[in-house]
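Just so it is clear, none of the values below were taken in a lab; they were calculated from the coordinates. Every value quoted in this text rests on a predicted model; they were computed, and no experiment measured them. No Cβ is skipped: glycine too gets one built from the backbone with ideal geometry, and neighbour counts run over all protein chains shown.
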Amino acid sequence: AVMARVLAAAVERLGGADLILTGATTLGTGQGQLGPRLAEALGWPQIVGAWQVEAADGQVQVVCKAPPPPPGGDRGGEGGYLIHEVDLPAVVTVAPGALKPRYPDGVRLINVYRGVGEVAEALERWDVSDLVDEATLQPLLEKRGQDFPPERERGVRLSGTPTEMAQALADALKVRALRQQVRR
């Protein structure tokens with residue numbers, strides 16, 4: 001949620017965007033929450049699980065794999081795919097394996113990392129404090145403590161002759177039954 005709020009502030013500082021593409025999961029947590037949370041923070045529509053994306057005329061058309069139909073039912077979809085359209089601006093989460101990644105040239109990537117070259121010099125660098133008030137970066141969840149179930153009563157070990165143990169067990173069961181009746 002914190003990362004989504006920071007990215008939403010960056011988008012607003014840039015003056016908005018037409019389309020934001022995110023991956024299905026993040027490297028840090030492996031969860032697929034960034035795209036949906038970013039869309040919520042921006043108030044934009046979202047589509048999750050895109051295999052193909054086309055934007056034109058103020059809309060984005062996204063092809064997603066259709067989920068398997070329920071037993072004995074039909075969900076539609078054309079050949080196992082569903083086509084969704086939403087108005088721009090929108091956030092689209094791309095499904096894993098949908099696209100073959102295109103990696104930049106290694107030398108250019110290292111130069112940008114080191115701050116060398118025209119691309120690196122043209123980049124405006126922002127710190128988190130440039131985008132949002134750090135007080136708003138606190139997690140939305142609050143830990144209030146822990147609750148544990150009451151400790152179980154330990155059993156009683158009976159000793160004596162079999163007759164004495166049977167009598168003690170019968171007495172204990174009677175007392176237990178009386179306690180349960182009183183509680184009701």
Inset, instruction - Kindly write out, for segment 34-41 in residue order, the coupling ³J(HN,Hα) from the Karplus curve 6.51 cos²θ - 1.76 cosθ + 1.60 (θ = phi - 60°), rounded to whole Hz, with x marking Gly and Pro. - result: 4, x, x, 5, 5, 4, 5, 5
Inset, instruction - Averaged over every viewing direction, what's the projected area of the C-alpha convex hull for the chain? Give it in nm², one decimal, please. - result: 24.0 nm²
Legend entry - Nearest-0.05 FRET efficiency for V128 and E151, computed from C-beta distance (R0 45 Å): 0.50
Inset, instruction - Sort out the exposed loop GluC sites (Glu not before Pro) in the chain (DSSP loop, at most 15 other Cβ within 10 Å) and tell me the longest stretch that has none. - result: 1-123
Legend entry - Proximal aspartates and glutamates to K100, defined as alpha-carbon separation beneath 17 angstrom and excluding residues fewer than eight positions away on the same chain: E54
Inset, instruction - Report the residue, chosen from G35, G43, G117, that carries the largest GNM mean-square fluctuation when the chain is represented by alpha-carbon nodes joined by springs under 10 Å. - result: G117
Legend entry - Compactness of segment 2-98 as Cα Rg over 2.2 N^0.38 Å, two decimals: 1.16
Legend entry - Relative contact order (percent, whole number), the chain, Cα cutoff 8 Å, 6+ residue spacing: 21 percent
Legend entry - Check: segment 2-98 dipole with +1 on Lys, Arg Cβ and -1 on Asp, Glu Cβ, in debye: 440 debye
Inset, instruction - Tell me which residues come under 5 Å, amide H to amide H, from L82 once H is placed; ignore anything under 5 positions away on its chain. - result: C64, K65, A66
Legend entry - Alpha carbon Rg of segment 95-157, scaled by the compact-globule rule 2.2 N^0.38 Å: 2.46
